[in-house]
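Below you'll find the structure, written out as structure tokens, and then a few comments.
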Amino acid sequence: MAKSNNKIVVIGGGTGTSVVISGLKQNDELDITALISVADSGGSTGRLRDEFGFQPVGDLRQSLAALAQEKEQTWIRDLLLYRFAQGNGLKGHNLGNLILTALQDMAGSTAKALEIAESIFKLEGKIYPITETNVQLVIEYEDGTILIGEDQLNPGNSDGKKIKKISLTPKAKIYQKAAESIKNADLIVVGPGDLYASILPNFAVTGIQKAFRATNAKIVYVVNLMTCFTQTCNYKASDHVKEIANYLGKNPDYVLINSGKIPAKALKLYQESNEFPVEDDLDRKNYKVISEDFVSTVAAVKQAGDALHRSLLRHNNVKLTEKLLKILKS
């Protein structure tokens, strides 16, 4: 299918990024590229990383499932997202993670594995790791504590402490094709997603600011619906944007934030974990703010066998896509 010159790059990792690209891919005139963090170390991904020594594939797999062609083969997405609920050694593992790990082993690199996956699953877009280096997340707190590993971002370790900064070990440079996609993009969408676990690790690679200085793309940041106790406790929207700008070297051109009401049942469950709707205190002078109801009316369902804490709410991908396309054409 022929694509136009409308190039959209989505940067992040995990569910937030997959929500954005699953909406965008419905438009046949878009050329979509997902740039994904490879600092994940929890759950099925962490187990495979420890056993095989490859880059983590969990966040890559979610984008793969979102971009997989569904018009004739609707089972592909479910297959990639299938998680084993039982089985000695298999319980908790995700089938898509196992497939990507096998491709990594056969192809010799994550980037090559994704190229093969694009062909197998007839992706309606491209997926690149932000770096080809096998990195771990380094979290430094304001009290001086330093933890290594994205899986360390849990209530037992963080206790709501404020994060001073994150970095990667070893130091890593941006994957060349990822840099080129940023430079050539018409629109770049950052987020939504966990600020310190999924988004900022992408901006901790060497060369990312250079790539953004070289692009003429409009940059959009999608603020999370809720705060995250282990990462953004007491953060307002301006705190999120400030961190993005700090690592990116520039403010986004647009900021999208939810103004819709969070369903009472979901709100109660989040509050029990000390997580709350992100407050809109954005400065309308430094960037354009679009504040609308972006909450999905269907709560996400946790799969059997999944041991990780995951968000219950999602952004509405139809409404997000509508606003992103208007920004692209403006």
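The values are calculated or read from the model by the stated rules, or taken from the named source; none is laboratory data. Since the structure is predicted, the reported quantities are computational estimates derived from the model, not experimental observations. Reconstructed Cβ throughout: ideal geometry from the backbone, glycine too, with neighbour counts over all protein chains shown.
I'd like to know if segment 125-137 contains one or more residues that are crowded, with 22+ Cβ neighbours inside 10 Å, aromatic (Phe, Trp, Tyr), touching a residue at least 12 places away in the same chain (Cβ under 8 Å) and touching a Ser or Thr at 6+ places or on another chain (Cβ under 9 Å). The answer is yes, given that some residue of segment 125-137 is crowded, with 22+ Cβ neighbours inside 10 Å, aromatic (Phe, Trp, Tyr), touching a residue at least 12 places away in the same chain (Cβ under 8 Å) and touching a Ser or Thr at 6+ places or on another chain (Cβ under 9 Å). The set of residues from segment 268-288 being out of contact with any helix residue (DSSP H, G or I) (no Cβ under 8 Å at 6 or more places or on another chain) and surrounded by 17 or more Cβ atoms within 10 Å (Cβ to Cβ) comprises TYR270, GLU275. Applying the criterion of being assigned to a loop (DSSP other than H, G, I, E, B) and either free of Cβ contacts under 8 Å to residues at least 60 places away in the same chain or touching a strand residue (DSSP E or B) at 6+ places or on another chain (Cβ under 8 Å) (or both) to the residues of segment 220-232, the residue that is nearest to LEU325 (Cα to Cα) is VAL223.
With respect to LEU308, is the statement that it is assigned to a loop (DSSP other than H, G, I, E, B), among the aliphatic types (A, V, I, L, M) and at pLDDT 95 or above true?
Against the criterion (assigned to a loop (DSSP other than H, G, I, E, B), among the aliphatic types (A, V, I, L, M) and at pLDDT 95 or above), LEU308 does not qualify.
Would you confirm whether any residue within segment 91-108 is part of a strand (DSSP E or B) and surrounded by fewer than 20 Cβ atoms within 10 Å (Cβ to Cβ)? No, that holds for no residue.
Please tell me if GLU118 is among the charged types (D, E, K, R), surrounded by 20 or more Cβ atoms within 10 Å (Cβ to Cβ) and modelled with pLDDT under 95. Against the criterion (among the charged types (D, E, K, R), surrounded by 20 or more Cβ atoms within 10 Å (Cβ to Cβ) and modelled with pLDDT under 95), GLU118 does not qualify. Taking residues in segment 233-249 that are touching a residue at least 40 places away in the same chain (Cβ under 8 Å) and among the basic types (Lys, Arg), and partners anywhere that are assigned to a loop (DSSP other than H, G, I, E, B) and surrounded by 17 or more Cβ atoms within 10 Å (Cβ to Cβ), the pairs with Cβ atoms closer than 7 Å and at least 6 places apart or on different chains are LYS236/VAL278. Quick one: in segment 8-42, which of the residues that are modelled with pLDDT under 95 and of a type in the set (D, E, K, R) is farthest from LYS329 (Cα to Cα)? Taking the candidates together, the pick is ASP40.
Quick check, is ARG61 in contact with a Gly (Cβ under 9 Å, 6 or more places away or on another chain), touching a residue at least 12 places away in the same chain (Cβ under 8 Å) and either small (Gly, Ala, Ser) or buried (at least 22 other Cβ atoms within 10 Å of the Cβ) (or both)? So ARG61 fits the description; yes. Among the criteria (1) outside any strand (DSSP E or B); (2) at pLDDT 95 or above, the one LEU137 does not fulfil is (1).
Taking (1) surrounded by 15 or more Cβ atoms within 10 Å (Cβ to Cβ); (2) on the phi < 0 side of the Ramachandran plot in turn, GLY191 satisfies each apart from (2). Restricting LYS112, LYS171, LYS164 to those that are under 19 Å from GLN55 (Cβ atoms) and not in a helix (DSSP H, G or I) reduces the list to LYS171.
Just to be sure, is PHE212 in contact with a Lys or Arg (Cβ under 9 Å, 6 or more places away or on another chain), surrounded by fewer than 23 Cβ atoms within 10 Å (Cβ to Cβ) and not in a loop (DSSP other than H, G, I, E, B)? Yes: the conditions hold for PHE212.
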